[in-house]
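Taking it in order: structure first as structure tokens, then the write-up.
The values are calculated or read from the model by the stated rules, or taken from the named source; none is laboratory data. Bear in mind the structure is a predicted one, so any value in this text is a computation, not a measurement. For neighbour counting, all protein chains shown are included, and Cβ atoms are generated from backbone atoms with ideal geometry for every residue, glycine included. These accessible areas exclude ligands, DNA and RNA; they are computed on the full protein's heavy atoms, side chains included. Shrake-Rupley method; radii C 1.70, N 1.55, O 1.52, S 1.80 Å.
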Amino acid sequence: MAPVQAPPSQQLPAVQKLRVRFAKRGRLRFTSHRDFQRAFERAVRRAELPVAFSHGFSPHPKISYAGAAPTGAASEAEYLEISLTHERDAEQVRAALDEALPPGLDVLEVVVAGPGALAERLEASEWRIALPGVDPEVAAAAVEAFLAREEILVERMTKRGLRSFDCRGAVLRLTVAHEPAPVATCAILQVVLRHGTPAVRPDDVLAGVLEVATLPVTGPALLTRLAQGPLIAATGTVDDPLARDRDATQATATGQVGPHQTHPAEGDAAAPSVP
């Protein structure tokens with residue numbers, strides 16, 4: 001029997017790298033990272049993208065994921081990179097992938113990758129935590145108590161068992177937001193978290209808040225990542241991680257240098273922050 005030959009795309013080198021921003025919304029927030037990987041690889045095949053493959057005994061598509069949100073959290077700022085063996089228009093790729101994915105897994109933007117590593121730009125995240133049943137004034141007092149502490153230990157079950165760690169040090173900003181709530185009585189916390197090791201998640205911050213104050217939460221908290229990217233230390237905000245890629249594309253097209261190219265992004269290897 002003749003050997004089964006690998007698809008031609010596995011034999012060709014990658015000539016283009018694209019960076020993708022996508023969202024997890026509604027019930028699709030319960031999609032695990034592994035579930036999304038499978039769904040995205042199916043979408044790549046349905047969109048007929050010429051994805052590049054690794055070499056070796058078990059080739060796999062060259063798709064890398066960065067800073068995935070925990071299962072159960074919604075997000076407006078998830079990122080991945082995909083390498084192609086033939087160049088494609090970024091907007092056409094975005095439309096094709098969005099069409100191939102189920103509603104709730106929404107492709108928001110695709111850009112051609114510029115210099116630098118995407119993962120190094122994801123230094124911080126901004127999160128929205130909706131607490132049903134909690135009055136905003138009560139939440140504000142709890143936030144004040146949380147911020148007054150230098151260290152707050154919380155516990156979380158990990159692959160290596162129950163682990164205790166400080167959740168306070170990673171919090172760059174924590175406020176009670178003034179915005180429409182999903183239910184009549186609901187406090188909205190807005191938190192900026194520095195990425196680090198161990199990774200502190202928004203549910204860890206909520207556990208820390210409940211450690212220092214009693215809040216009458218009447219239902220599950222809704223966690224939504226609003227942004228992740230480079231830290232702007234001066235303002236405590238999170239910058240757009242794809243801005244320099246757009247600048248690089250524009251500079252190539254016009255021969256001009258964009259603002260993100262003239263000055264290295266603050267914190268490309270530092271910690272991120274959020275407004």
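For this structure, a couple of remarks:
- Taken over the stretch 152-170, the criterion of being within 23 Å of I232 (Cα to Cα) and touching a Phe, Trp or Tyr at 6+ places or on another chain (Cβ under 8 Å) is satisfied by R168 alone.
- The stretch 57-105, subset part of a strand (DSSP E or B) and of a type in the set (D, E), residue nearest to A47 (Cα to Cα): E81
- Within the stretch 149-197, the set of residues being outside any loop (DSSP other than H, G, I, E, B) and over 21 Å from V217 (Cβ atoms) comprises T158, G161, L162, R163, S164, F165, D166, L172, R173, V192, R194.
- Whichever residue in the stretch 198-213 is among the small types (G, A, S) and in a loop (DSSP other than H, G, I, E, B) and, among such residues, is farthest from the chain's Cα centre (by Cα): A213
- Unmet criterion (only one of (1) in contact with a Cys (Cβ under 8 Å, 6 or more places away or on another chain); (2) closer than 27 Å to G26 by Cβ; (3) surrounded by fewer than 20 Cβ atoms within 10 Å (Cβ to Cβ)) for L153: (2)
- Test: residue in the stretch 249-263 that is among the polar types (S, T, N, Q), at pLDDT below 85, in contact with a strand residue (DSSP E or B) (Cβ under 6 Å, 6 or more places away or on another chain) and closer than 30 Å to Q16 by Cβ: yes
- From the options L215, L193, L222, residue that is more than 28 Å from L108 (Cα to Cα) and of a type in the set (A, V, I, L, M, F, W, C): L215
- Within the stretch 167-197, if we keep just the residues that are under 22 Å from the mean Cα position of the chain (by Cα) and of a type in the set (D, E, K, R), the residue that is least open to solvent (accessible area, probe 1.4 Å) turns out to be R168.
- Within the stretch 222-236, restricting attention to residues that are assigned to a loop (DSSP other than H, G, I, E, B) and modelled with pLDDT under 95, the residue that is least open to solvent (accessible area, probe 1.4 Å) is G236.
- Search result, residues across the stretch 66-84 that are open to solvent by 40 Å² or more (accessible area, probe 1.4 Å), in contact with a helix residue (DSSP H, G or I) (Cβ under 7 Å, 6 or more places away or on another chain) and not hydrophobic (A, V, I, L, M, F, W, C): T71
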